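Some notes on the structure that comes next.
Every number in this text was worked out from the coordinates using simple rules, so none of it is lab data. Source: prediction; values computed, not measured. When we count neighbours, we look across all protein chains shown, and the Cβ atoms used for this are built from the backbone with ideal geometry, even at glycine.
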Amino acid sequence: MDKLILHHSGALHGAVRVSGAKNAALPIMAACLLTEEPVVLEGIPRVTDVVTMADILRRLGVRVDQDETRLLIDPNHYTGSSAPYELVSVMRASLCVLGPLLARHHRARVSLPGGCIIGPRPVDLHLKGLSSLGATIAIDHGDIIATTAGLYGTTVHLAGASGSSVLATANVMMAAVLAQGRTIIEHAACEPEVVDLANFLIAMGARVTGHGSAVIQIDGASELHGATHRIIPDRIEAGTLLIAAAALGGDVTIIGARADHLGALIETLREAGVGIEQEEGSLRVRSDRRLKAVDVTTLPFPGFPTDLQAPIMAMMAVSQGLGVVIEKIYPERFMHVPELRRMGAQISREGSSAIVRGVDRLSGAPVTASDLRAAASLVIAGLMAENTTELRGVEHLDRGYEHIEDKLASLGASIQREAS
Ligand code: UD1
């Protein structure tokens, strides 16, 4: 397992380009199961979650070839309809093959994702949505088995206790594009990744409107054709880099970062005292003083993203004053807290909230990442901390950040990967 060696770093300077969005790429790769014709996907991030999704598609009989950041996907004649436990258990997003398989083959067997380190992650909304369209669902030997004699459009309500669900919206949308008649998804997720999926489906000939709002309307088609599509830039990677530049100080241009995808973060960083300007196709972040404490509440888009909660907590750990984090999506998503505390952060937890009292400095320590975004938080903390931080659990970082150590090093951060 590799580890990252992080040294106390000064201000960051320069420009860096954001990769394509992992969370858009994964459901869009699954959506290729809806056609028989070849698809070309551009702007694919080189991260291990994409490798896992490509492996699932290959297991189903799909040809997948990668050429740098392009994927050539040829689903012609694939016949498989099962996604096995060993792949689903390493990546929950594997679940989004369920909708397309059901729509194309009228049957799907997908291993039920188990518990997750960031807390309970139920699948009830996925199953409820697909049942509404006419699927019969059973759980057998740990697998979801979905069958149908034919899917029919209807009104599907996807509101959960924590609001909308991104991948349940994706699953229902992908099933509905080949269902007979009109489907209306109420309480649909509005995340940019859902919009990107809808745009891809439209490029394949699907009739979808309302994406980006809470009500999506889909008129089923009898078949979809191949398409070429460019994945949107990764707003979470862009946000992580914005936070790193804000926390360490400096003047950094993030090429490809979109202000319309990052509104809540930009507002929070400005409140903390960071300068952010939108330039042609990029965001420029300037930070030259100790930041003020801020409060953060995570919410579905366009609220503050849960995936940036851990990274911004590293910044808050050295801000001036007291800040409160309220986690409304995953109330137990605080595994980074004990690790940040080992580096000298003063953070106390109360249920789904954390109170962060900014300290003057963090001190380097050996720390371990338990998940993708916790890893990003510890990278930022390690670069701010005195002396050296050794970060284990780097495989989590590699699931969703493409060579982040090279991107940060190109801006002047002192960060190296060591194979062990
Ligand atoms: C996606 C993202 C993930 C992000 C999350 C929330 C991908 C591959 N992953 O995950 O990075 O953190 O959105 O923005 O896109 N819920 C239910 N029942 C369900 C499904 C979800 O109650 O059937 C709840 C979840 O427990 C959570 C909330 O709904 O509280 C939102 O989760 P959801 O949007 O479904 O997350 P994912 O789509 O799995």
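The residue among ALA11, ASN23, ALA189 whose Cα reaches farthest toward the positive pole of the charge dipole of the chain, with charges on the beta-carbon of Lys, Arg, Asp and Glu, is ALA189. Between ASP360 and VAL40, the C-beta separation translates, for a Förster distance of 35 Å, into a calculated FRET efficiency of about 0.10. Only lysines eight or more places from LYS407 in sequence, or on another chain, were considered; those with a Cα closer than 25 Å are LYS3, LYS22. Fully extending the segment from SER414 to THR388 would add 8.4 nm, taking 0.36 nm per residue of separation and subtracting the current Cα-Cα distance.
For region 22-230, the antiparallel share of DSSP beta bridges with both residues in that region comes to about 70%. Each peptide in 274-283, 174-183 gets a packing score, the mean of other Cβ atoms within 10 Å over its residues, and the list from highest to lowest is 174-183, 274-283.
Which lysines, if any, have their Cα less than 16 Å from the Cα of LYS128, not counting same-chain residues under 8 positions apart? Cα-Cα hits under 16 Å: none found. Each of ALA246, MET343, LEU201 was scored by the projection of its Cα onto the charge dipole of the chain, and the greatest displacement toward the positive side belongs to MET343; charges sit on the C-beta of Lys, Arg, Asp and Glu. Bridge orientation summary for the chain: considering DSSP beta bridges with both residues in this region, about 70 percent are antiparallel.
A simple spin-label model places the labels of SER348 and GLU271 2.2 nm from each other, with each point 7 Å out along Cα-to-Cβ. Close amide H partners of MET343, meaning residues 5 or more places away or on another chain with modelled amide H under 5 Å apart, do not exist here.
Note that the chain carries a Kirkwood radius of 21.8 Å, evaluated over its alpha carbons pair by pair. Scoring 331-339, 62-70 by mean Cβ neighbours within 10 Å over their residues and listing the highest first yields 331-339, 62-70. Estimated from helices alone, the mean residue ellipticity of the chain at 222 nm is -9000 deg cm²/dmol (sum of -39500 (n - 2.57) over DSSP H runs with n ≥ 4, per residue).
Using a Förster radius of 45 Å, what is the FRET efficiency between HIS77 and ARG286 based on their Cβ-Cβ separation? Nearest 0.05, please. E between HIS77 and ARG286, to the nearest 0.05, is 0.25. Couplings 3J(HN,Hα) of region 394-399, computed from phi: 5, 4, 5, 4, 5, 5 Hz, in residue order, whole Hz [Karplus 6.51 cos²θ - 1.76 cosθ + 1.60, θ = phi - 60°; x for Gly and Pro].
For region 167-181, no residue has its backbone nitrogen under 12 Å from a point 7 Å from the Cα of THR209, taken along Cα to Cβ.
Listed values for region 2-17 are Karplus-derived 3J(HN,Hα) couplings in whole Hz (6.51 cos²θ - 1.76 cosθ + 1.60, θ = phi - 60°), namely 6, 9, 10, 9, 10, 10, 3, 10, x, 5, 9, 9, x, 10, 9, 9, and x replaces Gly and Pro.
Per-residue 3J(HN,Hα) values for region 133-138, derived from phi via the Karplus relation 6.51 cos²θ - 1.76 cosθ + 1.60 with θ = phi - 60°, read 7, x, 8, 9, 10, 9 Hz in sequence order (x marks Gly and Pro). Proximity of backbone amide H atoms, modeled 1.01 Å from N, is registered between GLY249 and LEU12 at under 5 Å, excluding neighbours fewer than 5 places apart on the same chain.
Stokes-Einstein diffusion for region 22-230, with the hydrodynamic radius set to the Kirkwood value over Cα pairs and evaluated at 4 °C in a medium of 1.567 mPa s, equals 78 µm²/s. In a reduced charge model with +1 at each Lys and Arg Cβ and -1 at each Asp and Glu Cβ, the chain shows a dipole moment near 580 debye about its Cα centre. Taking amide H atoms as placed 1.01 Å from N in the peptide plane, the amide H of SER19 lies under 5 Å from those of ASP234, each 5 or more residues away in sequence or on another chain.
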